[in-house]
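Single-structure report; data block below.
The values are calculated or read from the model by the stated rules, or taken from the named source; none is laboratory data. Being a predicted model, the structure only gives us computed values, none of them experimental. Don't worry about glycine lacking a Cβ; one is built from the backbone with ideal geometry, like all the others, and counts go over all protein chains shown.
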Amino acid sequence: MASFLQRRRSATRFIVALFGLICASALAGKAQETAPLGHNQSQPAPLVQEHKTVRVSDHVYVIPDGRVNLVPNIGIIVGSRATLVVDAGMGPRNGQVVLRELAKVSKNADLYLTTTHFHPEHVTGAQAFPPSARVIRSEVQQEEVVHKQPEFIRNFSNRTPEIKALLQEVKPRPPDILFDHEMKLDLGGVKARLFWVGPAHTRGDTAIYIEEDKVLFTGDVVLNRFFPIFPDPDASGKNWLAILNQFEVTIVPGHGEVGDAGLVSKEQSYLKGLQSRVAELKAQGKSSKEALQLLSPEFQLKYPDWENPGWIADAVARFYSEPD
Ligand SMILES: [Zn+2]
């Protein structure tokens, strides 16, 4: 995992025996990023949520988007020495919320901000950050901030009065650190690797990998339950697919063929499915043996190409005897 994403566009696939990747994706709705100009009062204002910050691993916190359009998931990575924020929300008012949430989880004076891509809801909250905070982004993304963001701000501002108010006083905030392909940031006890991976959603798409915690911030290159957004002709479907290959990890299981991350969710869904069926039957007063007689054929039918069906019995017995 240490060499994960080491070389941009490298064809290397990474072989790992254990896998703990969490994808915290920055989400944005299709309706917003591609909708024609015009007012749409039915949308909730794109406000970063207060008091909702969750810890997703030892060093990583996320302010969840709440599935509100034009609010990204925001990351806060806390080391012993410094803190990195990933994406800033739309406009200084949202940036202030990010800073208030940040203050709850980190007392580090040393602060970095990076952005996954140039779209205003990811970048323009930067204005609220103190002058001592250092803004980091890739050269390609910075070029898009300069040349494309003003038009996006105009376009977004025409959509609703709330968005217009959020973007009203936005001024460009130049970056303090630019990198070409990748850079490593040591936050003290935890390292972040920043990679330019675009073009997919935008030319400057940047991913951030938190090595010790095995957490990957994908920006809008990976969304959860949103269709991928192609906001302008700089987006690339072909390259998008290649980038997803790069994010992919290979799992070498203890038995059976080498596979991808799908193996983890398959195993999860088998175990979770069996656990909940056992609990159901137990609640109905069925014995462990009766549960097995029902569940063995049921799960063999669900997983027709899985071998060793004899082990279903022992799994049922385990779940049956384990306290909830
Ligand atoms: Zn976007």
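Values as computed for the structure displayed
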| quantity | calculated |
| --- | --- |
| Unmet requirement for residue 132, which otherwise passes all of (1) within 19 Å of residue 68 (Cα to Cα); (2) more than 16 Å from the ligand (Cβ to nearest atom); (3) not aliphatic (A, V, I, L, M) | (1) |
| Selection count, region 189-247, where residues are farther than 21 Å from residue 74 by Cα, within 16 Å of the ligand (Cβ to nearest atom) and aliphatic (A, V, I, L, M) | 2 |
| Filtered residues of region 70-86 (kept if farther than 16 Å from residue 119 by Cβ, in contact with a His (Cβ under 6 Å, 6 or more places away or on another chain) and surrounded by 24 or more Cβ atoms within 10 Å (Cβ to Cβ)) | 77 |
| Check on residue 75, touching a residue at least 12 places away in the same chain (Cβ under 8 Å), away from the ligand (no atom under 16 Å from the Cβ), of a type in the set (Gly, Ala, Ser) and not in a helix (DSSP H, G or I) | no |
| Residue in region 158-173 that is farther than 18 Å from residue 121 by Cα and part of a loop (DSSP other than H, G, I, E, B) present | no |
| Qualifying residue in region 25-45 (condition: modelled with pLDDT of 95 or more and more than 16 Å from the ligand (Cβ to nearest atom)) | no |
| Region 57-105: number of residues that are in contact with a strand residue (DSSP E or B) (Cβ under 9 Å, 6 or more places away or on another chain) and either at positive phi or not assigned by TED's automatic domain parsing to the domain that holds residue 163 (or both) | 2 |
